[in-house]
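Here is the structure we will look at, set down as structure tokens.
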Amino acid sequence: MQNNLLNSKPHYPILDGLRGVASVIVVAFHLCEAHSTSHLDQIINHGYLAVDFFFLLSGFVIGYAYDDRWKKMSVTDFFKRRLIRLQPMVIMGMIIGALCFYLQESTLWPMIQAVPFWKMLLVMLIGFTLIPVPPSMDIRGWQEMHPLDGPGWSLFFEYIGNILYGLWIKRFSKTLLTILVILACIALIQLAVSSPTGDVIGGWAIDPTQLRIGFTRMVFPFFAGLLLFRTVKLSSIKNAFFWCSLIIFISLSMPRVGGAAHLWMNGLYDSLTIILIFPLVVYMGASSSGIGKRASKLCTFLGDISYPMYITHYPLIYIYTAWVYDKKLSLTQALPVAALVFFGSIALGYACLKLYDEPLRKWLNKKILAGGRLG
């Protein structure tokens, strides 16, 4: 059958591993965020840029996985494959968010105690679709488009990137794609350096400002990743996983640049990291000249848990943040619990992967794609 010709291609193991490295840093970033008073004193200060790295990785991998398949694959088949890959864990993230919701009641989110059970369930069901909820349906007080599982906002924009690619941009010539990326690059720099907070943080709410941030953060890296795949010739780089992981760690852990007096400097750092550093990391990771057995196993593990951990960890962060806020604890005082949440997030992601995500995707592939393998 036709779908048998569309089985998943071999993965770039180091790119999978780097996605996991960035996901682990995101968990640590969110734990530290509970102890910060502003963007200026946040530990692991630029951890939010991991989302932009994910978008760039996605664009590169989408090009690798699907660019040469369109003569054998319909747009409907493409969307089926992307839904099977992404949607099961979206649903699980919302379920975990619902199970944890009333445990997050605190002085930080006083409205939680007044939220009726039916409304929370309605928000969960809407969250299953990734359709954003309007501010009138906010049940936390942060105006999130997905208040049960905050990171759902990035999956919302990930889907938009996939839709744009599947419907139109897959047909773009290199020249036209380059023009799109250049325009998106200009928009990203303008957003970052003119931001009132001096960064690209945002995208998780349904209002004009937040939607602009979300679209700008997605469009450049996603389609820059696609352009990178279509244009570069890979070389041979030794120890790529180590060097790429180090660059990612340094980039995301960099202290705030410029301070309160020069916010534009941090915005410039953000934009240049997304525009220059992240494409370099993806290029190096894809150009790996080889990987040992131990490193291969590590990359496989990190790659496998990266998405499940990313989309399920935040309900635990809500609970931790509420506890820290009510108790007025420093990171040092809360460190044992922070470590428990950190490793618990990894364990939760792994459990969801093995007990739910992989079995369900395997079943869906057999039922819907007639023999296709996991994407």
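Any read-out appearing in this document is the output of simple, stated calculations on the displayed coordinates, not a laboratory observation. The model shown is predicted, which means the values in this text are computed figures rather than measured ones. Here the Cβ is made from the backbone with ideal geometry for all residues, glycine too, and neighbour counts use every protein chain on show.
Charges were assigned to the Cβ only: +1 to each Lys and Arg, -1 to each Asp and Glu. The resulting dipole of the stretch 199-258 about its Cα centre is roughly 260 debye. Taking R0 as 25 Å, what's the FRET efficiency between F117 and L83 from their Cβ-Cβ distance, rounded to 0.05? The formula returns an efficiency of 0.30 here. Ordered by the count of other Cβ atoms within 10 Å of each Cβ, fewest first, S38, S251 give S38, S251.
For I237, the residues 5 or more places off, or on other chains, whose built amide H falls under 5 Å of its own are S288, S289.
When Rg and the Kirkwood radius Rh are both evaluated on Cα atoms of the stretch 11-162, their ratio Rg/Rh stands at 1.01. The convex hull drawn around the Cα atoms of the stretch 150-245, when projected onto a plane and averaged over every direction, covers 8.0 nm². This model, with +1 at the C-beta of Lys and Arg and -1 at the C-beta of Asp and Glu, gives the stretch 156-268 a dipole about its Cα centre of some 480 debye. In the chain, the DSSP-assigned H stretches of four residues or longer account for a calculated mean residue ellipticity at 222 nm of -21500 deg cm²/dmol, using -39500 (n - 2.57) per stretch and the full residue count as denominator. Ordering S288, S106 by the number of other Cβ atoms within 10 Å of each residue's own Cβ, fewest first, gives S106, S288. Along its three principal directions, the equivalent ellipsoid of the stretch 81-219 from the Cα gyration tensor extends over semi-axes of 32, 20, 10 Å, largest first. In a fully extended conformation the segment linking L164 and H11 would gain 52.8 nm over its present Cα-Cα distance, using 0.36 nm per residue. Residues C32, C244 in ascending order of nearby Cβ atoms (within 10 Å, fewest first): C32, C244. Build a GNM of the chain with springs between Cα atoms under 10 Å apart, and of Q104, Q333, Q190 the one that fluctuates most is Q333. With the convex hull constructed from alpha-carbon coordinates only, the stretch 231-342 shows a mean projected area of 10.1 nm² over all directions. If only the Cβ of Lys and Arg carry +1 and only the Cβ of Asp and Glu carry -1, the dipole of the stretch 1-93 around its Cα centre is close to 620 debye.
Per residue, the convex hull around the alpha carbon atoms of the stretch 88-152 comes to 70 Å³. Simple spin-label estimate for L183 and W243 gives 3.6 nm between the two label positions (7 Å along the Cα-to-Cβ direction from each Cα). Between F343 and K71, the C-beta separation translates, for a Förster distance of 51 Å, into a calculated FRET efficiency of about 0.65. Note on K328 and S38: their simple-model spin labels are 2.1 nm apart, each label 7 Å out from Cα toward Cβ. Looking at the stretch 212-272, the trypsin sites (Lys or Arg not before Pro) that sit in a DSSP loop and have at most 16 other Cβ atoms within 10 Å of their own Cβ are K233, K238.
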